[in-house]
Amino acid sequence: MKQNKVYIAGHRGMVGAATLELFKSKGYSNIVTRSRSELDLRDQQVVNEFVGRECPDIIVLAAARVGGILANDQNPYPFLHDNLAIQTNVINAAHKYNVKQFIFLGSSCIYPKHASQPIKEEYLLTGSLEPTNQWYAIAKIAGIKLCEALNRQYGRNYVSLMPTNLYGPRDNFDLETSHVVPAMIRKFYEATENGHAPVTLWGTGAPKREFLHVQDLAMAILFAVENEIEGDMYNVGTGKDISICELAYLIQRIVGHEGEIIWDTSKPDGTPRKLLDVSKLHALGWKHNKTLSEGLTETYRWFLQNTNQLKEVKL
């Protein structure tokens, strides 16, 4: 059994749940979790009291307000405010109570909209952000810089991991607030149930995206913790991308939908391409395990088993 005490913030979310499951399977028996109703991470005083009382050796910050393009664009204030508050409070408490290891989870949306491809860690803050998710991105950049500042000023080794687009079990399948993979899975499923009705998707299908199964991200978190990797920030991804159009046909095939796909070109495409350079983390020995087809098939299987209790995020 591993002796380190681990606090996983956001253990009911997709990333936190996968991380909790993995750490337990690897022998970590001293794991602390709290639900949102039990611990409001936006409240600095209660966060300080909690971390001071529990004294974890390791904190994995997987708690965040998340959502797709529509949710970000229509709810800028909570996406900026809540994420800034959560990050600031937990990072500050970790430093205040001398937490040895801290894993901060960001997102590839922190990078400039027109960054050179593949995107290296040093491209951060070299250009303007994608406007539709800038609120979330700015909050995450602030979290990265908080950890970096502590590393520089106080000799901490708080590591920021920047995953590419994630998908997998426990994703948010609410069509108003979800990301592209769960939204497509649900749309194709419901259309199939409705006699293979046509499916309308946003944009042109031309943008290219990279997708990482959430269990692979959990493995990267465990790798960072157990190897005590040094450095401020690491990209986490597969190093391979796919067009949204190709993704749609792949998910359509997995679901078994036989109807038409209609592209609504009046809707925004978002960033033209977003592929991470993952050579920095690869050089240390971590690499993803699941292919996109395998991961999507597993995710759809989970979706079918949980259609009566899907998590939906209302804003």
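Being without any contact (Cβ under 8 Å) to a residue 24 or more places away in the chain and either surrounded by 16 or more Cβ atoms within 10 Å (Cβ to Cβ) or among the hydrophobic types (A, V, I, L, M, F, W, C) (or both) is the filter here; which residues of segment 1-33 pass it?
Residue satisfying the conditions is Leu20 alone.
Considering only segment 86-103, state which residues are surrounded by 19 or more Cβ atoms within 10 Å (Cβ to Cβ) and within 19 Å of Gln134 (Cβ to Cβ).
Correct list: Ile86, Gln87.
Tally up the residues in segment 126-158 that are of a type outside the set (Gly, Ala, Ser), in a loop (DSSP other than H, G, I, E, B) and closer than 29 Å to Leu70 by Cα, please.
Residues flagged as of a type outside the set (Gly, Ala, Ser), in a loop (DSSP other than H, G, I, E, B) and closer than 29 Å to Leu70 by Cα within segment 126-158 amount to 3.
Yes/no matrix, rows are residues, columns are (1) of a type in the set (Lys, Arg); (2) modelled with pLDDT of 95 or more; (3) closer than 15 Å to Ser107 by Cα; (4) part of a helix (DSSP H, G or I):
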| residue | (1), (2), (3), (4) |
| --- | --- |
| Met162 | no, yes, yes, no |
| Phe173 | no, no, no, no |
| Glu176 | no, no, no, no |
| Ala183 | no, no, no, yes |
| Ala191 | no, yes, no, yes |
| Gly205 | no, yes, no, no |
| Ile221 | no, yes, yes, yes |
| Asn235 | no, yes, yes, no |
| Thr238 | no, yes, yes, no |
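Based on what the data block shows, is Leu61 touching a residue at least 12 places away in the same chain (Cβ under 8 Å), closer than 17 Å to Val99 by Cβ and within 19 Å of the chain's Cα centre (by Cα)?
Yes.
Among the candidates Trp263, Trp286, Trp302, single out the residue that is surrounded by 13 or more Cβ atoms within 10 Å (Cβ to Cβ), hydrophobic (A, V, I, L, M, F, W, C) and farther than 27 Å from Leu222 by Cα.
None of the others qualify; the one that does is Trp263.
Suppose we filter Lys290, Lys267 for residues that are touching a residue at least 24 places away in the same chain (Cβ under 8 Å) and touching a Phe, Trp or Tyr at 6+ places or on another chain (Cβ under 9 Å); which single one remains?
Exactly one of Lys290, Lys267 is touching a residue at least 24 places away in the same chain (Cβ under 8 Å) and touching a Phe, Trp or Tyr at 6+ places or on another chain (Cβ under 9 Å), namely Lys267.
Table: residues versus (1) in contact (Cβ under 8 Å) with a residue 24 or more places away in the chain; (2) open to solvent by 60 Å² or more (accessible area, probe 1.4 Å); (3) under 21 Å from Trp286 (Cα atoms).
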| position | (1), (2), (3) |
| --- | --- |
| Gly106 | yes, no, yes |
| Cys109 | yes, no, no |
| Ala137 | yes, no, no |
| Arg152 | no, yes, no |
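Quick check on Ala63: is it of a type outside the set (D, E, K, R) and closer than 27 Å to Asp174 by Cβ?
In short, yes.
If you check Leu304, Leu284, which single one turns out to be part of a helix (DSSP H, G or I) and either hydrophobic (A, V, I, L, M, F, W, C) or modelled with pLDDT under 95 (or both)?
Leu304
Could you tell me which numbered condition Glu38 fails, if it satisfies all but one of (1) surrounded by 14 or more Cβ atoms within 10 Å (Cβ to Cβ); (2) in a loop (DSSP other than H, G, I, E, B)?
Looking at each condition in turn, Glu38 falls short on (1).
Please work out which one of (1) open to solvent by 10 Å² or more (accessible area, probe 1.4 Å); (2) assigned to a helix (DSSP H, G or I) is the condition Asn72 fails and give its number.
That leaves (1) as the condition not met.
The values are calculated or read from the model by the stated rules, or taken from the named source; none is laboratory data. Here the structure is a predicted model, which is why all the values come from computation and not from measurement. Quick reminder, even Gly has a Cβ in these numbers, built from the backbone with ideal geometry, and neighbours come from all protein chains shown. All accessible areas refer to the heavy atoms of the entire protein, side chains included, with ligands and DNA or RNA removed. Shrake-Rupley method; radii C 1.70, N 1.55, O 1.52, S 1.80 Å.
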